[in-house]
């Protein structure tokens, strides 16, 4: 079975993330969307909330499952028999960092990283941008699925 992981914080998941996840699902038997547990980083949504939201917006894809991980991604890959990491690239600046990580992961574990260019429609999107806009009452409905938009509105309103 060809298995890949799409790792990230997904705080929150955007249409840019979903574009990469959906496209990866066409190339692998199973794609695991792995939500990063980073205790040093302040997140808007808990890991459990992010898993639930991602599960909801990816349920139409039978070969996608959602999980979480902390620690080294290559250790997670080994434990789940994952052969490939799939990462989306928005710009050259993404590539510089991701290339270093891909080389370390390959050398240390043999896990390959595949890069996908983000669709031009979503190339400007980031979770940080979405959170910032939502915090100030901006309209992010074209950047995230409706259920995520509603969750953002509730969260920034303090509900």
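None of the figures in this text is laboratory data; all of them are computed from the coordinates on show. Predicted model only: the values in this text are computed from it and were never measured.
Of note:
- For region 57-108, the alpha-carbon radius of gyration amounts to 1.34 times the rule-of-thumb value 2.2 N^0.38 Å expected for a compact globular protein.
- Rounded to 10°, Cα long-axis angle of helix 146-156 versus longest principal axis of the chain: 70
- For the chain, a Gaussian network of Cα nodes joined below 10 Å ranks 39, 50, 90 by mean-square fluctuation, and the top entry is 39.
- Length gained when the stretch residue 48-residue 156 is fully extended (0.36 nm per residue, less Cα-Cα span): 37.1 nm
- 0 to 90° range, to nearest 10: angle between helix 15-25 axis and the chain longest Cα axis: 30
- Bins of 10 Å from zero: percent of alpha-carbon pairs in region 3-122: 13, 46, 37, 3
- Helix 47-57 vs. the chain, principal-axis angle (Cα, 0 to 90°, nearest 10): 90
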